[in-house]
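Notes follow once the structure below has been shown.
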Amino acid sequence: MPDKERKDLQLERLRDTVRKAYKNVPYYKKRFDELKLKPSDIKSLKDISKLPFTTKTDLREGYPFGMFAVPGKDIVEIHTSSGTTGKPVVAGYTRGDIDTWGEVVARCLTMAGTTSRDIIQNGYGYGLFTGGLGVHYGAQKIGAAVVPISAGNTKRQLDIMQDFGTTIITCTPSYALYLAEALEESGVDRNAIKLKAGCFGAEVWTEKMREEIEERFHIMALNIYGVTVIIGPGVAHECDLKNGLHIFDDHFYPEIISPETLEPLPDGERGELVFTTLTRQGMPMLRFRTRDITALRREPCKCGRTVVRMDRITGRSDDMLKIRGVLIFPSQIEKALLEVKGVEPQYQIIVTRPHHLDELEVQVEISKKMFSDEVRHIEEFRKKIEAHIEKSIGLRVKVTLVEPKSLPRSEGKAKRVIDKRQL
Amino acid sequence: MKLKQISVFLENRKGRLWEALDALANAKINVRTLSIADTSEFGILRLIVPDPDRAKKVLEKGNFTVKENNVIAVEVADHPGGLAAVLKVLSDADINVEYLYAFVEKSGEKAVVVLRTENTDAGIKALKTAGVAILSAEQVYAL
């Protein structure tokens, strides 16, 4: 779509969304009135920065249905976030929203090469979590056969993968690695597996993890991105060039802001990702702060798609660790760790404050390559990891080697950081 | 002349050494001799067993990180200066000893020393030239 045409479409949809949010969601009406803002003040896409932000806290205050913009009879499905940090956040969908959801996820799956002839093993959790059903609707839109296996039960996952001849897998990247490990241990012949691609997301991961998954499974591993209250999975996805995630900006309008000043940042600069929905009926969202850290890129992708792209998520503004005054993301430590040859991507970060000073310990599972019968060699390896992390993040860390498979494996989101500081 | 040694990574956790030896016991693998190198955070258990390949498999099945490497077993007279004489040979040949451990054979007349030199072949050559009795794997297992 030509740039001008897309901007016109976005503006038209934005104005419609703003009007409906003001008219039908008391929360937004109140915020607009406080700011002395009228929906008619939104005359251009730039005016979006006049709109108030929406945070998870705002949504919790409206729990459960305070953000719905349509009567209850028009809502056909309700999901929630996991609620690990408080009351869950609720997302309500109209029939039209479900249709949009299927459409955007279908675009994602198509980018991974899915057609109606494929068999999708959907390892995202079915239930309140949007991952399972979101992928399900997308698969149905394409007409691919979806196996709603959900997360967990590794043995059954591997059996079905072989017996059904699964071609596409969708799950969290850490679970994909866990499955790959289990597959290797089971001694199953790689040729008995027909997998060709996977859409992995719902947690922060790295290029190194992508390489691992691709090498171990012999598949193309692509990054899928979603936000529960925006729609669920299907907000953005990588094409096979793996050159950033294409945001479906005809439905979700992205901005990057500074998490400290809340001012919009120019393209290419890293900051917090903010979304405004352009077509949601059940629950329009104005400038929802995702807490995810990334940057936007507008140069066209070689694949021919003209939508804006975002970089791989490198952290969350609320995951940021402040260690001895320095802001760091767990993903930075992971990246540094995996740059040391022979290190497996199984680690845990433990933050303590023993004598009023933050200490960072990184527990790493020892790999065969690291192990030696000589203490000296193991110590050298350990110090090499410490030195490399310090060089990368500018903070001294203590690396401890632990036995393989001793760190908790997740079947959902990996718990990488344990903050034991009592502040 | 080389003797296979099994090394096992042990996290400093209660019961981990027992678990390793229990795994071997269940597989009916008898330990000829062993030593433990310990640091403040982890240990390395080094074992001489009659069937190192099987022992390695058993331990790996129990999720231990295991490595096989070569060491040298020499017979040393069980009297003052016995080991010193062997070490002098290596020192004169400019060969570094990484670690060693010893046990006394059942008859009690001779001691057996398990040696790990930086370069195993060079170590064997120097010891042989000096006339030190190097034990074969079979001899060690038969002790």
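Report ³J(HN,Hα) in whole Hz for each residue of region A:226-243, in order, from the Karplus equation J = 6.51 cos²θ - 1.76 cosθ + 1.60 where θ = phi - 60°; Gly and Pro get x.
With coefficients 6.51, -1.76 and 1.60, one gets x, 9, 3, 7, 7, 5, x, x, x, 7, 7, 7, 7, 8, 5, 7, 6, 10 Hz.
Go through region B:60-129 and name the GluC sites (Glu not before Pro) that are in a DSSP coil and have 12 or fewer other Cβ atoms within 10 Å of their Cβ.
Passing both the DSSP loop test and the Cβ count: B:E109, B:E118.
Which of these, B:K128, B:K14, B:K28, has the largest mean-square fluctuation under a Gaussian network model of chain B (Cα springs below 10 Å)?
B:K14
If you take the alpha carbon radius of gyration of region B:2-69 and divide it by 2.2 N^0.38 Å, what ratio comes out, to two decimals?
The value comes to 1.01.
Compute the long axis of helix B:82-92 from its Cα atoms, compare it with the longest principal axis of the Cα atoms of chain B, and write down the angle in degrees, 0 to 90, nearest 10.
Its long axis makes an angle of about 80 degrees.
Hey, what do the phi angles of region B:9-23 turn into as Karplus ³J(HN,Hα) couplings, whole Hz, using 6.51/-1.76/1.60 and θ = phi - 60°, x for Gly and Pro?
Taking θ as phi minus 60°, the curve returns 7, 10, 6, 6, 9, 4, x, 5, 5, 4, 4, 5, 6, 5, 4 Hz for region B:9-23.
Using only Cα atoms and rounding to the nearest 10 degrees, what angle (0 to 90) does helix A:207-217 make with the longest principal axis of chain A?
Between the helix axis and the principal axis of chain A, the angle is about 70 degrees.
Please tell me the relative contact order of region A:213-334 in percent, rounded to the nearest whole number, where contacts are Cα pairs under 8 Å and at least six residues apart.
Rounded, it is 19 percent for region A:213-334.
So for region A:52-91, Kirkwood radius off the Cα pairs, Stokes-Einstein at 20 °C and 1.002 mPa s: how many µm² s⁻¹?
Result for D is 197 µm²/s.
Would you mind counting up the charge near A:F53? Only other residues with Cβ under 12 Å from its Cβ, with Lys and Arg at +1 and Asp and Glu at -1.
+2
Contact order normalised by length for region B:46-111, with contacts defined as Cα pairs under 8 Å and 6 or more residues apart; what percent is it?
The normalised contact order for region B:46-111 reaches 27 percent.
Please state, rounded to one decimal and in Å, the Kirkwood hydrodynamic radius that the protein assembly as shown gives when every pair of distinct Cα atoms enters the mean of 1/r.
27.3
What dipole magnitude, in Debye to the nearest 20, does chain A give about its Cα centre under +1 on Lys/Arg Cβ and -1 on Asp/Glu Cβ?
My answer is approximately 1060 debye.
Contact order normalised by length for chain A, with contacts defined as Cα pairs under 8 Å and 6 or more residues apart; what percent is it?
Relative contact order of chain A: 13 percent.
Where in region A:39-137 are there trypsin sites (Lys or Arg not before Pro) that are in a DSSP coil and have at most 16 other Cβ atoms within 10 angstrom of their Cβ?
Sparse-neighbourhood loop trypsin sites (Lys or Arg not before Pro): A:K43, A:R117.
Ignoring everything except DSSP H segments at least 4 long, calculate the 222 nm mean residue ellipticity for chain B; use -39,500 (n - 2.57) per segment, divide by total residues, nearest 500.
Estimated from H runs of four or more residues: -9500 deg cm²/dmol.
Loop-only trypsin sites (Lys or Arg not before Pro) in region A:303-377, please: DSSP not H, G, I, E or B, and at most 13 other Cβ atoms within 10 Å.
Sites meeting the loop and neighbour criteria: A:R324, A:K341, A:K368, A:K369.
Which residue, B:A126, B:A25, B:A77, tops the fluctuation ranking in a GNM of chain B built on C-alpha contacts under 10 Å?
B:A25
When a/c reaches 1.5 or more, the comparison of a/b and b/c decides; with that in mind, is region A:194-339 rounded, prolate or oblate per its Cα gyration tensor?
oblate
In the Gaussian network model of chain A, springs joining C-alpha atoms below 10 Å, which of A:G187, A:G232, A:G201 carries the largest mean-square fluctuation?
It is A:G187.
Just from its helices, what would the mean residue ellipticity at 222 nm be for chain A, if runs of 4 or more DSSP H residues each count -39500 (n - 2.57) and the sum is divided by every residue, rounded to the nearest 500 deg cm²/dmol?
That comes out to -9500 deg cm²/dmol.
Could you tell me how far the Cα centroid of region B:86-120 sits from the Cα centroid of region B:1-71, in Å?
Taking the Cα centre of each part, region B:1-71 and region B:86-120 sit 20 Å apart.
Rounded to the nearest 10 degrees, what's the angle between the helix A:173-186 long axis and the longest principal axis of chain A, both from Cα atoms, 0 to 90?
With rounding to tens, the tilt is 40 degrees.
Using a Förster radius of 30 Å, what is the FRET efficiency between A:S82 and A:D3 based on their Cβ-Cβ separation? Nearest 0.05, please.
Between A:S82 and A:D3 the formula returns 0.20.
Picking from B:V97, A:V229, A:Y22, whose Cα lies most toward the positive end of the charge dipole for the protein assembly as shown (charges on Cβ: Lys, Arg +1; Asp, Glu -1)?
In the protein assembly as shown, that residue is A:Y22.
If you place +1 on the Cβ of every Lys and Arg and -1 on the Cβ of every Asp and Glu, how big does the dipole about the Cα centre of region A:273-386 come out, in debye to the nearest 20?
Dipole of region A:273-386, to the nearest 20 debye: 880 debye.
Within 15 Å, Cβ to Cβ, of B:D51, how many net charges do the neighbouring residues add up to if Lys/Arg are +1 and Asp/Glu are -1?
Computed value for this residue: +3.
Across region A:148-161, in residue order, what do the Karplus-derived ³J(HN,Hα) couplings come to in whole Hz, using 6.51 cos²θ - 1.76 cosθ + 1.60 with θ = phi - 60° and x for Gly and Pro?
x, 6, 6, 8, x, 6, 4, 4, 5, 4, 5, 4, 5, 4
Tell me which of B:L127, A:F381, A:S81 sits at the most positive position along the dipole axis of the protein assembly as shown, charges placed on C-beta atoms (Lys, Arg +1; Asp, Glu -1).
A:S81
Here, each number is a calculation from the coordinates, and none is a lab measurement. In this text, all values refer to a predicted model and were calculated from it rather than measured experimentally. Positions of Cβ are backbone-derived with ideal geometry, glycine not excepted, and every protein chain shown enters the neighbour counts.
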